[in-house]
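Read the structure below first, then the notes.
The values are calculated or read from the model by the stated rules, or taken from the named source; none is laboratory data. Because the structure is a prediction, the values reported are computed rather than measured. Heads up, the Cβs are rebuilt from the backbone with ideal geometry, glycines too, and the neighbour counts pull from every protein chain shown. SASA here: full protein model, heavy atoms, side chains in, ligands and nucleic acids out. Shrake-Rupley method; radii C 1.70, N 1.55, O 1.52, S 1.80 Å.
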Amino acid sequence: MKNLIKILLFSVVVFGMNSCTEEKILELSPINNISEKDAFTTPSLIESSMNGVYNAAGIGQFNSTNPNGGRGYVWGAAFVEQGDCRGEDVVNTATFYQLTYTATYDPTTANNVYYWVDGYRLINRCNLMIEGVNEAVAKGIITSTVGNDYIGQAKFLRAITHFELLSYFARPYNFTAGASHLGIPYREVGVNSQAEIDSETLKPRNTVAECYTKILADLNDAESLITSTVKFKGSKNAAIAFKTRVYLHKRDWANVIAEGSKLNGKYALTTNPGDPFVTANNFSNTESIFSLQFSATSNPGVNAALASMYKGRRLVTISPIIWRNSSWLADDKRREEGVLVETVAGRKYTNKYKDVTNFTDASPVIRYAEVVLNMAEAQARLATPNLVASLTLLNSVRNRSLAVPATQAYTAVTLNSQLALVQAILVERRIEFLMEGRRWSDIQRLQNDDLAPINGIPAKVSNGAPAAALFTLGTPYTGPYGVAAVPSSDFKVLWPIPQIELNTNPTLAAQQNPGW
Amino acid sequence: MRSKFKWIFSLLLALSMQFVFAQEKTVTGVVIDKSGIPLPGVNVVIKGTSNGVQTDFDGKFSLKSKEGDNVVFSFIGYKSKSLQINKSNNYNVTLESDAVQMEELVVIGYGTQKKREVTGAISKVSGKDIANIVTPSFEGALAGRATGVQITTANGIVGQAPRIRIRGIASISSGTYPLVVVDGMAITTGDVGGIANTNALADINPADIESMEILKDGAATAIYGSRAANGVILITTKSGKKGTMKVNFSSSLAVASAVKKYDLLNTADFLVISNEKRTNRGQAPWAVGSAFDTDWQSAVLRDAPQMNHSLSFSGGSEKTKYYLSLGLTDQTGVTLSNDMKRYSVRANIDQDVNKWLSIGTNLSVTRTEYNGLNTGGNSLSGNIFNAIRQLPNTPIYDTTNPTGYNITLPLSTNTVGQGQNTDPVGDNIPNIVYVLNNNKYYSKVNRTLASVFANAKLTSDLTFRVQASADNAITAGFQYLNPIHGDGRSVNGYLLNDNTEYLSWNWQNILNYKKTFAENHNLGLTFVSEYQKTKYQYFFGSGSDLLSTFYNQNLVTNSYATKDSGGSVSENGIISYLGRATYNFKEKYFVQGSIRRDGISKLGLNTRWNNFPGVSAGWTVSKEDFMSSLRNTVSDLKFRASYSQVGNTDIGNYPYLGLTSSSPYGSLNGLGYTQFGNNELEWESSIKTDFGVDLGLFDNRLNLTFDYYKNDIDKLILAVPTSPSLGIPGNTINKNIGKLNNKGYEFSASFKAIATENVNWELSANVTLAKNEVTKLFNGQDILGGGSANVNIAPNIIVREGESINSLYGFQYWGVNKANGNPVYYKADGSLVEGNIATSSYFVFDPNNPGTQGAASSLSASTDRKVLGNTLPTYFGAFSSKFNYKNFDFGFMFRFSGGNKIFNSTRRELVNQNLNNNGTEILGRWQSASSPGDGWTPKLWASGNTFVNLSGNATSRFVEDGDFISLDNVSIGYSLPKLVSEKIKVDNFRIFIQGQNILMITKYRGLDPEMESAGVDINGTPRSKIISMGINVSL
């Protein structure tokens, strides 16, 4: 009996052991995550991978441990917020953008660090997408037509992201003859193996000229490959529109006009300046060319989403500097309360981004008004300026916002020189794209400009909530400027390459922007 | 009750008498102990028969026997005694306490060992040492009780898990929490989900703990192999003992209050300081109005009542032993909206089935409910972040406001009312009192720890134990963010319900062999196979854009416009085979060796399995003959040495795989690359060496222990930083690269100063000297931010070769230029630069010529930052005393620690330059060349935080020493004298008063030098000072 029980006991134990087989305990695979190897194995996964590239563009990761926990770096929100706060046309009211606003950043400041980090994170997803699609097409999983559409979109995003980073981390195209000064590394290899890490780490910064060549090549490919036409994804026309921006920075005026002309009839300015910013119309208006889309559950969040920062939390006001600019008429529709502007306690805030509850406003990367003004400027700056064409284009943007266009519109008399016209266009850009993040890239490209140069970062109104009285129209704002200008010669004009890059990449560590 | 027992005893006596033979005579007597106290319940049995009785409550027995019978007197804890019945009919027997049986046993993992046989470094803390300390969780009371062990409660939030470090920090990227084993099963630790902070260890009722063993060195931990790198805490819960039922009741009531509050400005000073910020910058004053002088900080802090009650029943018969307990804890936190309630039940039962087989269960069911709040160090609604910024010249309430609170209208502004001040409060913070009174954060944990075991005595030397256990924590979380004001305003209110489940099961087979050969050779062998699997499952549903504030208690279908849900699952498993051999000769020479082979699911096929050996040896010198002459002085002297290799499995669930994550684009499904794969990933290994000495003097009245340890951690799985411009997910790859070591000396002493009938005085002290050094990183690259993802911490710390892990990293501050109030810093080359506040730019500074601005210069985050200090204490310890005089007892414990630096980021917050309140330190600011202030605080400059205070980087301006001595607890108790307690029919009745965190002696200028995380003090909720009183009753 005793032995029988002992045997029974052992049997239970042995049975227990058998049930604890190695497969059940040790051979576990993730339930939450699809293996990287499987990401391009079916058409639907490939389509999702493409969307994942846009996810990286719109949300990023910032310093979060959650891959979808980002703050809209680069194309979801940060390009607007950083682009505005580096310039003088907004006032930073709280702490949030202060380091950018007052140029007190350094190689460890989150704003500039994650611009770089999330920018390259997006670029790597683009490169992996291109490689994955090529492989899938070779295996016959998708057709080459479908594949080309994806590759075109990936190249589009790769190009515009490199271009965006260039404007913060490198001097403008005309800084040296032939743009032979340092740009940024132009990454074209999807990195997901140690060998690729090793070889890519050896690559130094490309020159600005090389970067422009690659950007334009990618945009040309995008133009020829993309078949998608929706506004929330890269399209053939978006690639063309973006080329007008690139050529403008490159000061290749003829090509700005050539590319811009391709879009004649494809887009039209909306009747009212606020129409593209009606949330429901973000993707259905005639003017928007490429914008990122968001949903209530997938957006840059309360700490970044445009509606949150600019409207909900009111962290940034319109600056009296631009608000009181005499070129911006008092009855201009772009001042219309409740449409494009919201006044709180006398301070002027933008109303371009409205959904403070669900943060679903699109982030406007490029719209047709910019293409028109790019062309206007190019016409004015041609070796043989075409002032008539330029004026017409400028007025086409400006007139829709004027209360009485018949009397208020610019004429060949009021803008009677190339310089006057270019200056008017540049002011118009500040007004038209106010709170759309365009200011910095204009400041950057106009350093040492022959007609309307800007020296470094202009002086700004003191950070903090500006007094209501400062917004009274009638006279231009002439100071005080609590935040001093940073001259072009100052190293702080450029963002430093992040310290975490220097620590991990000996090649780039030797190529930090001078002064940092 | 006593009469009832007497009745039961009589019955037993009567029953046993039925078996008595007629011709026998009746012998009687009394059994007493050495001090003459009668022993009830002693077994009195005639040898070779089952005839026997038990002594009654007066120690008396009466037994039928005949001359020549051998009668054996046996009682647990005493040496058995036998005597032969002679002519006499009356025998008085004195039992001596059994030195062997009473000898302290130490739990060592898959078994126990006599303390004097232990060759590893193990600290034992008895449950009763911490029984009366009011703490949400037992580990909070462990601080100071063992060498090499640091336990820090970094703030006063009830429910936040304390930080535990056993012999330092043993990993950079992976987990640093010790393995916690309760009654043989490794349990889930850390936060177990929900919304409010939870602490898995708080689900154990401290009153149920019999003892805690902290395994520190390799020899002790090697038996836990792959999971032992951070040390192991073994918890043994109480079990019943043979004998009458014992009832224990203890109850305490306490009041907790903030140990200290921040010294903030009152309205008068606030007005001066705020407006000076503005006038210095050439701007109009912004602070106006002195009608109010509000103490916002006190509005979010409070005196909090706390109570603990526990009731237990334990006892056992010859075959059945049981322990049953009930516990109730209700603790309110010192900050508004924070509390914890715990209801616990435990049943431990042990049943002998027959002579060779026993079975038993340990079962504990706990319900722990936490209410929490936003304590974010940089959250606008973070309780302290917000409260210390509020303007004292504005009120909390405003009866004219529709909410009744002082809130800016329209309410969409989401900012506290600015009163007469010309500007809104800095950072647009909301009214924190409204927020705390309206938002809800809770976690409700249902925790079951269950195990069943069977012990089979296969032969007299060989036992087999099988144990199956399960640990199940199910946490329900809920969050409500009010739509009117605060964090929920932006999304028009938010509701979230979530559910988190951790389920682990564990199966162990343990074969134990113990035999003494040829009298002197003692051999022990243990073989174990163990299987464990843990599954984590989580889901949530949430809604925002609420229909009404009415919906604030749970998700209610269609009461919100925006809907979201999500979840995740992960699992991991481990299979282990291990063997341990112990051998000693004459209990003089000890050798022990163990080897464990572990396979884990967290690594790839090729690297999954690994072996973890450990060896140790000991020599009890005092037993040698040549020591015999010294035996009166040196009662015990033992040398120990050990070496082992252990691992760390807290490395994430699938660290070696290349993975994607679902990454939607707007409403479209998306897939994104999120983890770089490295299938060559291997085990982290930790090589632990320890040399120790145990010394007992004067009949062990003075006990000294010394240990030297060194833990070399190799093949650290580092999230190796990759160049961000490559776009690798997270910019890291998990690689086995990196080395660090922890070295230290541990001393402890205990001294029985007085041991007389009426007076007992016991003193003990311990000191640990510890050093941590990172010896190798990938390509020698610094890791900025250490392993921290916290934006308040990461910018201030670094992991660098040759330095202690997570050292402070930033600019060296020189002071203020007395000529103009500008801050002056050191550059890397030792030269000085002055930061011109007006232009936010740097110039060379000449202290001999401060009035003249030097050449343009810079302060570079790349090249001018340096290590500002180590954040790990280099020494720590405690001194405690227990004193008894008759029925009074008095005890206290001082704890000390230091050698570390703290970056007091809260101090930097308190000198902020926005329209916010400040700490009193700002009164020492530079005002003019003739009134230069404290020489440390620069000129004020409105909205100039980033430059005046360098808010993006650490500076030595706010770095302070972390040294302190604290009176952790002091207690006075009074037990009723035996005479009285017998009259009211209780065994023991004690009342006590106790104080915790009563006194802190430190130069640290923050609230408390232990309120740091990775060396950074940032807006913490004050820790609590607790005064409690209570009773312990046993029946």
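What FRET efficiency do you get for A:Asp38 and B:Lys25 if R0 is 60 Å and r is their Cβ-Cβ distance, rounded to the nearest 0.05?
Once rounded, the FRET efficiency stands at 0.10.
Placing unit charges on the Cβ atoms only, positive for Lys and Arg and negative for Asp and Glu, gives segment B:719-779 a dipole magnitude near 480 debye about its Cα centre. Here segment B:288-359 and segment A:36-95 have alpha carbon centers that stand 46 Å from each other.
Would any residue of segment B:739-780 have its amide N under 19 Å from a label point 7 Å out along Cα→Cβ of B:Arg701? List them or say none. Correct set: B:749-765.
Counting only DSSP beta bridges with both residues in chain B, the antiparallel share comes to about 95 percent.
Per residue of peptide B:677-684, the mean number of Cβ atoms on other chains within 10 Å of the residue Cβ is 1.
In chain A, taking the dipole from charged Cβ atoms about the Cα centre, the farthest positive-side position among A:Asn282, A:Asn386, A:Val230 is held by A:Asn282. With the simple model of a label 7 Å out from the Cα in the direction of the Cβ, B:Ile984 to B:Ser831 spans 8.0 nm. With R₀ set to 25 Å, the beta-carbon distance separating B:Asn887 from B:Ala753 gives a calculated FRET efficiency near 0.80.
Taking every protein chain into account, the 1.4 Å probe leaves B:Met245 with about 60 Å² of accessible area, to the nearest ten.
Starting from the Cα of B:Glu104, move 7 Å in the Cα-to-Cβ direction to define the label point; list residues of segment B:722-764 whose amide nitrogen is under 11 Å from there. Residues B:749-751 fall inside that zone.
Here the label points at B:Lys739 and A:Glu131, each 7 Å from Cα along the C-beta direction, are separated by 3.3 nm in the simple model. Once the Cβ-Cβ distance of B:Tyr513 and B:Phe626 is raised to the sixth power relative to R0 = 30 Å, the FRET efficiency obtained is 0.35.
Shielding value for A:290-303 is 4, the average number of Cβ atoms from other chains within 10 Å of each residue's Cβ.
The Kirkwood radius of segment B:427-578, taken over pairs of alpha-carbon atoms, gives through the Stokes-Einstein law at 25 °C and 0.890 mPa s a diffusion coefficient of 124 µm² s⁻¹. Using only alpha-carbon positions in segment B:917-966, the gyration tensor eigenvalues give semi-axes of 22, 16, 10 Å once each is multiplied by 5 and square-rooted (largest first). Mind checking the log10 I(q)/I(0) for chain B at q = 0.07 Å⁻¹? Debye, one equal scatterer per Cα, no solvent, two decimals. Each listed q maps to, in turn, -0.72.
A dipole drawn for the protein assembly as shown from +1 and -1 charges on Cβ atoms has a positive end, and of A:Ala484, B:Leu659, B:Val149 the residue lying farthest that way is B:Val149. Principal axis extents of the C-alpha atoms in segment A:338-485 (largest first, rounded to whole Å): 48, 34, 31. Estimated translational diffusion coefficient (Stokes-Einstein, Kirkwood radius over Cα pairs, 37 °C, 0.692 mPa s) of segment B:543-650: 164 µm² per second.
Against chain B, whose longest principal axis is taken from its Cα atoms, helix B:267-280 shows a tilt of about 50°. Taking 4 °C and 1.567 mPa s as conditions, chain A diffuses translationally at an estimated 53 µm²/s according to Stokes-Einstein applied to its Kirkwood radius (Cα pairs). Span-like helix criteria (full DSSP H runs; alpha carbon extent of at least 24 Å along the helix axis; mean Kyte-Doolittle hydropathy of at least 0.0) are satisfied in chain A by A:2-19, A:144-169, A:208-225. Over all distinct Cα-Cα pairs of segment B:602-702, the Kirkwood formula returns a hydrodynamic radius of 18.5 Å. With the convex hull of its Cα atoms as the shape, segment A:86-176 has an orientation-averaged projected area of 8.7 nm².
Against chain B, whose longest principal axis is taken from its Cα atoms, helix B:2-17 shows a tilt of about 40°. Across every direction, the projection of the convex hull enclosing the Cα atoms of segment B:469-510 has a mean area of 3.6 nm². For segment A:327-385 versus segment B:415-489, the inter-centroid distance based on Cα atoms is 46 Å. What chain A shows is 33 Å² of accessible area per residue, with the surface traced by a 1.4 Å probe over protein heavy atoms. Please work out the Cα center distance from segment B:541-596 to segment B:746-793, rounded to the nearest Å. After rounding, the separation between the Cα centres reads 27 Å.
For segment A:463-477, the residues whose amide N sits under 14 Å from a probe point set 7 Å from the Cα of A:Ala403 along the beta carbon direction are A:473-474. Taking the charge dipole of the protein assembly as shown about its Cα centre, with +1 at Lys and Arg Cβ atoms and -1 at Asp and Glu Cβ atoms, the residue from B:Thr705, B:Leu373, B:Ser298 reaching farthest to the positive side is B:Thr705. Geometric descriptor of the protein assembly as shown, per residue, is 197 Å³ (volume of the convex hull of the Cα atoms). Counting only Cβ charges, +1 for Lys and Arg and -1 for Asp and Glu, the dipole size of segment A:417-481 around its Cα centre is about 160 debye.
Give B:Lys114/B:Lys241; B:Lys60/B:Lys588; B:Lys216/B:Lys735 a once-over and call out the pairs whose C-alpha atoms are over 30 Å from each other.
As for pairs spanning more than 30 Å Cα to Cα, those are B:Lys60/B:Lys588.
Rounded to the nearest 20, the size of the Cβ-charge dipole of segment A:29-152 about its Cα centre is 240 debye, with Lys and Arg at +1 and Asp and Glu at -1. Checking the Cα-Cα distances for B:Lys319/B:Lys457; B:Lys47/B:Lys79; B:Lys115/B:Lys623; B:Lys124/B:Lys978 against a 19 Å cut-off, the pairs over it are B:Lys124/B:Lys978.
The shape of segment A:126-262 comes out oblate: with a ≥ b ≥ c from the C-alpha gyration tensor, a/c is at least 1.5 while a/b does not beat b/c.
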